[in-house]
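*Asks:* Quick one: this structure, given as structure tokens, is what I'll be asking you about.
The values are calculated or read from the model by the stated rules, or taken from the named source; none is laboratory data. Since the structure is predicted, the reported quantities are computational estimates derived from the model, not experimental observations. We place every Cβ from the backbone using ideal geometry, glycine too, and count neighbours over all the protein chains shown. In case anyone asks, the SASA skips ligands and DNA or RNA and just uses the protein heavy atoms, side chains included. Shrake-Rupley method; radii C 1.70, N 1.55, O 1.52, S 1.80 Å.
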Amino acid sequence: MARRENPEINAGSMADIAFLLLIFFLVTTTMNVDSGISKKLSEKPPQDYVPPIIKEKNIFEVNINRNNELLVEGDRMEIKELKEAAKKFIDNGGGIGKPGEDGTPGKPCDYCQGERSDTSSDHPNKAIISVQSDRGTEYGTYIQVQNELLRAYTELRNRLSKQRYGMSFDELEEAFKDAKKSADLKDRVEELRKKVEDIKIAYPQIISDAEPTS
């Protein structure tokens, strides 16, 4: 009686199928990308750099301790209250701003709507927000704090942009981006660029991260 041979399985075609399936899933699968906080890191100053003297009233201190509790200017505060407190500080307008790059002397803030207190910030271009966290602070709490501070600047910029240009700063930036992409709007690019820069200069985002406490 002849011995029956077991048929062999062609593994080559299975490998091809597995490879094609892998490519299919790589091409069709979408991945969630977490968006971070847009911040420009400062460059390392030269060795002979002498930091400018900053008045204490122009610094808004925000501290987050290891228990994720918020201390603003030494007082306890809830995160939901931070945005309005930051706006009040930035928009105080109690003094003279920085001199211009062309050497022109600093001027009072004629667009600020704050209390103009002599114990708070002189001008939005002098107002510094200093954030200091603890090494035990939860990352989520730190992000919430940063978001509230950015919202403060956004609302101030939107208000001023509506006053000067009839649209919010968000809309102004979007119009600028669209103009750069459209061939029909090339003549408006420079005009919109100047408007965007005007609002950014009026309310510069000056948020400093201090060394975390241990």
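*Asks:* Please express the Cα-Cα pair-distance distribution P(r) of the stretch 115-214 as a list of whole percents, one per 10 Å bin, running from 0 to the bin with the greatest distance.
*Replies:* Calculated over all Cα pairs of the stretch 115-214, the distribution is 14, 33, 29, 18, 6, 0 percent.
*Asks:* Going Cα to Cα from K181, which aspartates and glutamates come in below 16 Å? Please leave out same-chain ones fewer than 8 positions away.
*Replies:* Qualifying aspartates and glutamates at Cα under 16 Å: E171, E173, E190, E191.
*Asks:* Ok, one more. Starting from the Cα of T119, step 7 Å toward the Cβ, then list every residue of the stretch 68-92 with an amide N under 15 Å from that point.
*Replies:* So the set is 73-75, 89.
*Asks:* If amide hydrogens are placed 1.01 Å from N in the peptide plane, which non-local residues have theirs closer than 5 Å to the one on E61?
*Replies:* For E61, the qualifying residues are E73, S130.
*Asks:* Extension gain L71-D110, at 0.36 nm per residue separation less the Cα-Cα distance, in nm?
*Replies:* 11.0 nm
*Asks:* Name the lysines eligible as straight-distance cross-link partners of K87: C-alpha to C-alpha under 18 Å, and not fewer than 8 places from it in the same chain.
*Replies:* Of all the lysines, those that pass the test against K87 - Cα under 18 Å, at least 8 places apart if same chain - are K57, K126, K162, K200.
*Asks:* Roughly how many Å² is the accessible area per residue of the stretch 98-184, as a whole number, for a 1.4 Å probe?
*Replies:* Per-residue value: 57 Å².
*Asks:* May I pose another question? For D16 and E174 in one chain, what is 0.36 nm times their gap in residues minus the Cα-Cα distance, to one decimal in nm?
*Replies:* My answer for the length gained is 52.2 nm.
*Asks:* Scan the stretch 102-167 for trypsin sites (Lys or Arg not before Pro) in coil per DSSP, keeping those whose Cβ has at most 13 other Cβ atoms within 10 Å, and list them by number.
*Replies:* Values: sites: R116, K126, R135, R151, R157, R159, K162, R164; in loops: R116, K126, R135.
Filter output for the stretch 102-167: R135.
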